[in-house]
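In what follows, a structure is listed as structure tokens, so that the remarks can point back to it.
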Amino acid sequence: MSEKSDSRPRDFLGYGRVKPKVDWPGNAGLAISFVVNLEEGAENAHEDGQPTNDKLGEFVSALPDGMRDLAMEQLHEYGLRAGVWRILDLFDRYSRTSTFYMCGRAVERSPQIAREIVERGHEPACHGYRWVCHALFKDYETEKAELQKANEVIERVTGERPLGFYSMWAPSLNTRRILQELGFVYDSNAYNDDLPYYDTSLPGGPMLIVPYALDSNDFKFIAGDPWGSPQAYFDYLRCAVEFLLDEGKRGEPKMLNIGLHLRIVGRPARLWALEKFMQYLQDLGDRVWVARRIDIARHWLATQPPRAGVADIPRT
């Protein structure tokens, strides 16, 4: 089965002007999803048999492909040696849980860390076997085998099978069909909305999409560093919350995605911004619902079940 068999159309309208009547738990005006990426050890690396090395760390790599890049390897290793423990302890201090996008290869190489993450109550979601863009898979069978392998590794190590998926950057045209066949509950390969929705174009029936976002992603610290300082990152997140809470007051609650990386936000100055943001959320109390993506997915399925199509979802 090739990509060309998928003629899924683009949807420029979505919910349109009439949004669904959203009822987050506790009558919260905003749902917040923290996502932490566990990719270290699954990146492109000559050391692990890949033809190329990852190029983007704190600096762009100065080395050509075809040789080991010890500097880039060590920048990734920092996330597991130091960053992950700071991040986990911060979530514990504020009694928050998150979703971890886990690469199967990373879990294989650091099983004790993956187990610790799940033992602390965080959700393991699938991020593929290697940290690669699934749009680059040339055929259906290879992509499905990689997803199966990733899920098997994560479930064997953590004791919990992933029910959600997100690929680096973009999926292939076959990805959602494969996710349905493998029994995934939701797909997060979408940047086109602030609310979950159903993809009704698939032959297997509607699939829940829990969109992701990149504007509030800490990867920007190493991709041009537009924040300028950790304070700017905190300010950006706070502004997003304030704006979305105002929409919630007007009867249109939304969802905010915050993407994090062990090797990036795990650095001390950047974690300062995340801790300030945690303090800010604590002060907001029940006005925000901080939840794992699987909990958001289950809530949406229970309160906004798929029917004949998006037009049948209860609306204001």
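The values are calculated or read from the model by the stated rules, or taken from the named source; none is laboratory data. Note that the coordinates shown come from a computational prediction; the quantities given were computed from them, not determined experimentally. As a convention, Cβ positions derive from the backbone with ideal geometry for all residues, glycine included, and neighbour counts pool all protein chains shown. Only protein heavy atoms, including side chains, enter the accessible area calculation; ligands, DNA and RNA are left aside. Shrake-Rupley method; radii C 1.70, N 1.55, O 1.52, S 1.80 Å.
Annotations
- Arg81 versus Phe59: modelled label distance in nm, points set 7 Å from Cα along the beta carbon direction: 1.8
- Over every Cα atom in the chain, the radius of gyration and the widest Cα-Cα span, Dmax, amount to 19.3, 59 Å.
- Under 12 Å, Cβ to Cβ, from Asp89 - net charge with Lys/Arg +1 and Asp/Glu -1: +1
- Of Pro64, Leu90, Asn53, farthest towards positive along the dipole that unit charges on Lys, Arg, Asp, Glu beta carbons give region 1-118: Leu90
- Other-chain or far-sequence residues with amide H under 5 Å of Ile32's (modelled H): Leu256, Trp289, Val290, Ala291
- Counting every C-alpha pair in region 122-261, the share spaced more than 20 angstrom apart comes to 55%.
- Across region 103-179, C-alpha contacts under 8 Å between residues 6 or more apart give a mean separation that, scaled by the residue count, equals a relative contact order of 41 percent.
- Annotation for region 264-299: chymotrypsin sites (Phe, Trp or Tyr not before Pro) lying in DSSP loop with at most 15 further Cβ atoms inside 10 Å of their Cβ do not exist.
- Accessible area, probe 1.4 Å, largest first, for residues Trp85, Trp131: Trp85, Trp131
- Estimated inter-spin distance, Asp246 and Gln282, nm [label 7 Å along Cα→Cβ]: 2.8
- Amide H within-cut-off set for Phe100, under 5 Å, with H built and near neighbours excluded: Val36, Glu123, Ala125
- Rounded to the nearest Hz, the phi-derived 3J(HN,Hα) couplings of region 124-132 under the Karplus curve 6.51 cos²θ - 1.76 cosθ + 1.60 (θ = phi - 60°) are x, 10, 7, 10, x, 7, 10, 7, 9, where x marks glycine and proline.
- Taking trypsin sites (Lys or Arg not before Pro) as exposed when DSSP calls them loop and at most 15 other C-beta atoms lie within 10 angstrom, the chain has its longest site-free stretch at 139-249.
- Rule-of-thumb Rg ratio for region 119-171 [Cα; 2.2 N^0.38 Å; N residues]: 1.15
- Fraction in percent of alpha-carbon pairs per bin - 10 Å, region 176-227: 23, 39, 23, 14, 1
- Pairs beyond 28 Å (Cα-Cα), from Lys55/Lys276; Lys254/Lys276; Lys149/Lys254; Lys138/Lys254; Lys55/Lys138; Lys19/Lys149: Lys55/Lys276; Lys149/Lys254; Lys138/Lys254; Lys19/Lys149
- Separation of alpha-carbon centers, region 72-98 and region 197-245, rounded to whole Å: 20
- Neighbourhood net charge (13 Å Cβ-Cβ; Lys/Arg +1, Asp/Glu -1) for Glu119: -2
- Here each label is just a point 7 Å from Cα along the line to Cβ, and for Lys138 and Phe219 those points are 2.5 nm apart.
- In range of the label at Arg109: residues from region 141-162 whose backbone nitrogen is under 16 Å from the point 7 Å along Cα→Cβ: 150, 154
- Dimensions (Å) - region 188-308, Cα atoms, principal axes, largest first: 48, 31, 20
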